[in-house]
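The next block holds one structure in the form of structure tokens; read it before the comments.
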Amino acid sequence: MSQVLTHIEAGVLRVVLNRPDKKNALTAAMYEELNEAFDRAAAEPEVRAILFAAEGPAFCAGNDLADFQANPPRGPEAPVMQFIRNLACCQKPMVAAVRGPAVGIGATMLLHCDLVYAADDAVFALPFARLGLCPEAASSLLLPRLAGLQRATEKLLLGEPFGVDEALEMGFVNRLVPPDELLAYALRQAAKLVALPVESVRATRELLRGISGKGTAGKAHEALLARIDEEGAMFERLLAEPSAQAAFAAFLSGQKPGA
């Protein structure tokens, strides 16, 4: 069975991570499937919104480190880099329904979503430095904008988990929802987006995000894409360093990197 499930219903493309036995940790193959989902959303006019969700009690444990070592990302054409750019350049509104752990890319991808709803059991972590790496998905740019430089520095350097109350207070999520109501609530919110005039949604997102690259917001989006490339190059370099390899080995052996 596919590890990324997609389904279109009532104008919403559901994209569901389906690797619950591994807490939906992402592999290169899963990134390719996610990129195909973005292609589908762009190609099919009936898709008016995208909803990210996950099977099982975890949203996403980040990258599968064993797969990451076996298939390290190389250059902007790597599936993970294409996924990050697809997030940043998506022309249709994105909603996320998050429960349980959202770690690494499972957390930073949320910075690109238009609406993020979290169950009260959700927990977030950005453990890049502890793994000998650096931020990705433009989180070094977006998180300070959202939460302020001091708090972003704490989250990105120390990598300590934070819960839903703090996530809500810092603007990382829009609303807390009981776990058994989360998916239905997120779908209702996505349906509200579908019901809005397409041009109004597109214009509002353009003013907020500058995805077309035009106007004053477009300059900010160009800076966002440049930061994605900067982070990607630095991430790729650090991935080959002995400190990252040691941290990965410690993690895979059950130890706690950076503890």
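Read-outs throughout are calculated quantities, based only on the coordinates presented, and are distinct from any laboratory measurement. Note that the structure is a prediction, hence the values are computed from the model and not measured. A quick note on method: Cβ atoms are made from the backbone with ideal geometry, for glycine too, and the neighbour counts reach across all protein chains shown.
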| task | Give the calculated FRET efficiency between Ala220 and Arg175 to the nearest 0.05, with a Förster radius of 22 Å applied to their Cβ-Cβ distance. | result | 0.30
| request: With a ≥ b ≥ c taken as the square roots of the eigenvalues of the C-alpha gyration tensor of the stretch 17-155, please select rounded if a/c is under 1.5 and otherwise prolate if a/b is larger than b/c or oblate if it is not? | output: rounded
| request: Determine the shape class of the stretch 95-142: with a ≥ b ≥ c the square roots of the Cα gyration tensor eigenvalues, call it rounded for a/c under 1.5, and otherwise prolate if a/b is greater than b/c, oblate otherwise. | output: oblate
| message | Over the chain, what is the relative contact order in percent, taking alpha-carbon pairs closer than 8 angstrom and at least six residues apart? | response | 19
| How many angstrom lie between the C-alpha centres of the stretch 57-82 and the stretch 130-180? | 20
| remark: Cβ density ranking, 10 Å radius, fewest first, applied to His221, His7 yields His7, His221
| said: Distances longer than 22 Å among the Cα atoms of the chain: what percent of all pairs is that? | reply: 53
| request: Could you list the square roots of 5 times each eigenvalue of the Cα gyration tensor of the stretch 142-205, that is, the equivalent ellipsoid semi-axes, sorted largest first and rounded to whole Å? | output: 29, 18, 7
| message | Relative to 2.2 N^0.38 Å, what does the C-alpha radius of gyration of the stretch 114-259 come to as a ratio? Two decimals please. | response | 1.24
| message | Given axes a ≥ b ≥ c from the Cα gyration tensor, I'd like to know whether the stretch 24-73 is rounded (a/c under 1.5), prolate (a/b larger than b/c) or oblate. | response | oblate
| request: Please report, largest first and rounded to whole Å, the three semi-axes of the ellipsoid equivalent to the stretch 100-179, where each semi-axis is the square root of five times an eigenvalue of the C-alpha gyration tensor. | output: 19, 13, 11
| said: List the residue ranges in the chain for DSSP H helices whose C-alpha atoms run 18 angstrom or more along the long axis and whose Kyte-Doolittle average is -1.0 or above. | reply: 28-43, 182-195, 215-239
| query | Which order, highest average first, do 14-23, 49-58 follow once you tally other Cβ atoms within 10 Å for each residue and take the mean per peptide? | reply | 49-58, 14-23
| query | Using 7 Å Cα-to-Cβ label points, what is the Ser243/Tyr185 separation (nm, one decimal)? | reply | 4.0
| task | Choose one of Ala25, Leu143, Leu252: the residue whose Cα lies farthest towards the positive end of the charge dipole of the chain (beta-carbon charges +1 Lys, Arg; -1 Asp, Glu; about the Cα centre). | result | Leu143
